[in-house]
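The values are calculated or read from the model by the stated rules, or taken from the named source; none is laboratory data. Keep in mind it's a predicted model, so treat the numbers as computed, not measured. Backbone-built Cβ (ideal geometry, glycine too); neighbour counts: all protein chains shown. Heads up: the accessible areas ignore ligands, DNA and RNA and are worked out on the full protein's heavy atoms, side chains in. Shrake-Rupley method; radii C 1.70, N 1.55, O 1.52, S 1.80 Å.
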Amino acid sequence: MTVYFIGAGPGAADLITLRGLRRLQTAPVCLYAGSLVPRELLDSCPPGTRLVDTANLTLDEIVAELLAAHRDGLDVARLHSGDPSVFSAVAEQMRRLDGLGVPYEVVPGVPAFAAAAAALGRELTVPGVGQTIILTRTAARATPMPEGEDLTTLGASGATMVLHLSVQRIDEVVAELLPSYGGDCPVAVVARASRADEVILRGTLADIGEQVRAAGIRRTAVIVVGRVLSATQFPDSHLYSVERERACGGS
């Protein structure tokens, strides 16, 4: 028996990985975040699968479901939105399973920030403009941020920044980033990336707050801040340069 922590992707049902889909198609128990995981994915579960929506469950209740499946010798597909490595609350579940001796495997998925970049048609690492991406969030009703990870400190680098779980605090985000990035810094907000009801807002730190409020976006969105969003004049990557040495083929 194994618990499979599966990244279900950012929203579109067909953005789950092949490995994740195979695990889902054979697991007799499936725990999923009902508010975030597309219902179409559940159609891939085998007939008779025990489906458990974890949206309103506590950590103890979720672990109890996993432990019950373990005792019955049943594999579990534990679906998380996006990728399990980023803001997924998987760490505390794995810690509990380690203590209980329950085996598990993590299956990566497409993260929300990657889907947002695709929707924007932008590369987030542009030569000569930005080669560093900071993935972070803000703290409101969530777990407090560790010391030194406030936006003012992180923003001092000027690196491209992607904020999850923060669109409801857009005014505070803007206020903290303005001193480092400037009011003319490009910003994009992508809500429900990859879904049929996806919304894309493009602007600057000076006007993005007003756009977010006008669009009524309150959740399920990422904020991307950085000059890479509008870069057009930049050097070609060394990857495909004629000056780059390449290994010769043949025997």
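Tabulated values for the structure
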{"read-out": "Residue that is outside any strand (DSSP E or B), in contact with an Asp or Glu (Cβ under 9 Å, 6 or more places away or on another chain) and more than 24 Å from Leu36 (Cβ to Cβ), where the choices are Ala175, Ala140, Ala206", "value": "Ala206"}
{"read-out": "Count of residues meeting criterion [out of contact with any His (no Cβ under 9 Å at 6 or more places or on another chain) and open to solvent by 40 Å² or more (accessible area, probe 1.4 Å)] in region 125-138", "value": "6"}
{"read-out": "Verdict on Val102 being open to solvent by less than 10 Å² (accessible area, probe 1.4 Å), out of contact with any helix residue (DSSP H, G or I) (no Cβ under 8 Å at 6 or more places or on another chain) and not in a helix (DSSP H, G or I)", "value": "no"}
{"read-out": "Selection count, region 181-208, where residues are within 16 Å of Arg169 (Cβ to Cβ) and open to solvent by 10 Å² or more (accessible area, probe 1.4 Å)", "value": "1"}
{"read-out": "Ala118 being part of a helix (DSSP H, G or I) and open to solvent by 40 Å² or more (accessible area, probe 1.4 Å)", "value": "yes"}
{"read-out": "Subset of region 30-65 [under 15 Å from Ala89 (Cα atoms) and either of a type in the set (Lys, Arg) or in contact (Cβ under 8 Å) with a residue 60 or more places away in the chain (or both)]", "value": "Leu36"}
{"read-out": "Search result, residues across region 54-81 that are within 30 Å of Thr136 (Cβ to Cβ) and either open to solvent by 70 Å² or more (accessible area, probe 1.4 Å) or assigned to a helix (DSSP H, G or I) (or both)", "value": "Asn56, Thr58, Leu59, Asp60, Glu61, Ile62, Val63, Leu66"}
{"read-out": "Answer residue from region 82-99, given it is of a type in the set (S, T, N, Q) and at pLDDT 95 or above and is surrounded by the fewest Cβ atoms within 10 Å (Cβ to Cβ) among those", "value": "Ser85"}
